[in-house]
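Comments concern the structure below.
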Amino acid sequence: MSGDYLLRLISCGAPDGVLVIYFHGAPGAPEECLLFDAQGREDDLSVISLDRFSAPEGYQGEGYFRLLATEILACAGTAQIHLVGFSIGAFTALQTCRHLQGRVASVSLISAGAPLEAGDFLPGMAGRQVFQLAKQWPVLFRLLSGWQALLAKFAPGLLFNMLFASAKAADAELRQQGEFCSTTTTHLRSCFDGRVAGYARDVLAYVAPWAGSLGLAKAKVRIWHGADDNWSPKAMAEYLGQALPACERVEIMPGLSHYSCLQQAVPSVCAAIRADTEV
């Protein structure tokens, strides 16, 4: 890696391996990328996640995505870049990709959120009330985000239970596991600790129309999605597979939902990136 950085970086995997930039979800934190640590070491991948919610509030819209691209290029030097986006992080990865033209070797999307204007997706989304609020009353959504921050600080377990109240399929099993609960509540605290504005910025950008930008993401795309995902319905993956011009793979994973898909997809995602480097 080279250069000076405005944003904090979390890194894992092989220190000098193939560069992978991980875009965490919302809510979420850059420490999510540690899920790739062991597999990254095995496949010689250096996985880095930006603390993007800490970016100054003055960076909005295209200026925000250009900032992320600038930070990534500072990490990359002359190396090719592989992007991985989870949930709303998939949206941010695709938007940032447009400002990295010619440098991105692949984009891997896991449990990806699609443009809300592209279909009747909201009724099947566990967070539909939050997204509807963000779309129609952004000021109230910002107030809600502040309330979530208070919960994350003083009652993170309660916030966790609220977020996972409607967990389905393998996600319902995950929420009962102590390690997953502990890790996720830590990520929630990090997400909202001084980063409420950054979290709100990502969600508000996501709920705005962006289907028209999909054709501008020229890099090769692969998609992994849980068949029973009730955060980002399976129809979102099917839509993205059709709308992204260079999408070469949509893998629907039976029995998995949102976070369980992320956990189970890691070996396959890493193997696909590794295979790209061996061609």
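The values are calculated or read from the model by the stated rules, or taken from the named source; none is laboratory data. These numbers were taken from a predicted model, which means no experiment stands behind them. Positions of Cβ are generated from backbone atoms using ideal geometry, with glycine treated the same way; all protein chains shown enter the neighbour counts.
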(request) Return a yes/no flag: does the stretch 195-208 have any residue that is in contact with a helix residue (DSSP H, G or I) (Cβ under 6 Å, 6 or more places away or on another chain), surrounded by 14 or more Cβ atoms within 10 Å (Cβ to Cβ) and not in a helix (DSSP H, G or I). (result) yes
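Conditions (1) of a type in the set (G, A, S); (2) part of a loop (DSSP other than H, G, I, E, B), marked per residue:
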site	(1), (2)
V20	no, no
F36	no, no
G40	yes, no
L68	no, no
A74	yes, no
H82	no, no
L100	no, yes
(request) Go through the stretch 165-196 and count every residue that is farther than 21 Å from F23 by Cα and of a type outside the set (D, E, K, R). (result) 10
(message) Take the residues in the stretch 19-54 that are over 23 Å from S111 (Cβ atoms) and in contact (Cβ under 8 Å) with a residue 60 or more places away in the chain; name whichever of them is nearest to the chain's Cα centre (by Cα).
(response) S54
(request) Scan the stretch 1-26 residue by residue and report those that are buried (at least 23 other Cβ atoms within 10 Å of the Cβ) and closer than 17 Å to F192 by Cβ. (result) H24, G25, A26
(message) Restricting to the stretch 209-238, and then to whatever is of a type in the set (K, R) and not in a loop (DSSP other than H, G, I, E, B), can you tell me which residue is nearest to the chain's Cα centre (by Cα)?
(response) R222
(request) Tell me which residues, restricted to the stretch 34-55, are of a type outside the set (D, E) and over 20 Å from T70 (Cα atoms). (result) L34, L35, F36, A38, Q39, G40, R41, L45
(request) Could you check how many residues of the stretch 105-126 are surrounded by 20 or more Cβ atoms within 10 Å (Cβ to Cβ) and over 20 Å from A211 (Cα atoms)? (result) 1
(message) If I ask for residues that are under 23 Å from P27 (Cα atoms) and of a type outside the set (A, V, I, L, M), which ones from the stretch 206-221 would you list?
(response) Y206, P209, W210
(request) Would you point out which residue out of R41, R66, R52 is of a type in the set (D, E, K, R), at pLDDT 95 or above and over 24 Å from Y206 (Cα atoms)? (result) R41
(message) Let me confirm something: among A219, A265, A246, which residue is surrounded by fewer than 19 Cβ atoms within 10 Å (Cβ to Cβ) and either touching a strand residue (DSSP E or B) at 6+ places or on another chain (Cβ under 7 Å) or modelled with pLDDT under 95 (or both)?
(response) A246
(request) Quickly run through the stretch 239-261 and pick out the residues that are within 11 Å of L109 (Cβ to Cβ) and either over 18 Å from the mean Cα position of the chain (by Cα) or not hydrophobic (A, V, I, L, M, F, W, C) (or both). (result) G241, R249, E251
(request) Working only within the stretch 27-47, note down all residues that are in contact with a Cys (Cβ under 9 Å, 6 or more places away or on another chain) and either buried (at least 21 other Cβ atoms within 10 Å of the Cβ) or among the polar types (S, T, N, Q) (or both). (result) P27, G28, A29, C33, F36, Q39, G40, D43, L45, S46, V47
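For (1) modelled with pLDDT of 95 or more; (2) assigned to a strand (DSSP E or B); (3) touching a Leu at 6+ places or on another chain (Cβ under 7 Å), each residue gets a yes or a no:
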position: G241; (1), (2), (3): yes, no, no
position: I252; (1), (2), (3): yes, yes, no
position: S260; (1), (2), (3): yes, no, yes
position: C270; (1), (2), (3): yes, no, yes
position: T277; (1), (2), (3): no, no, no
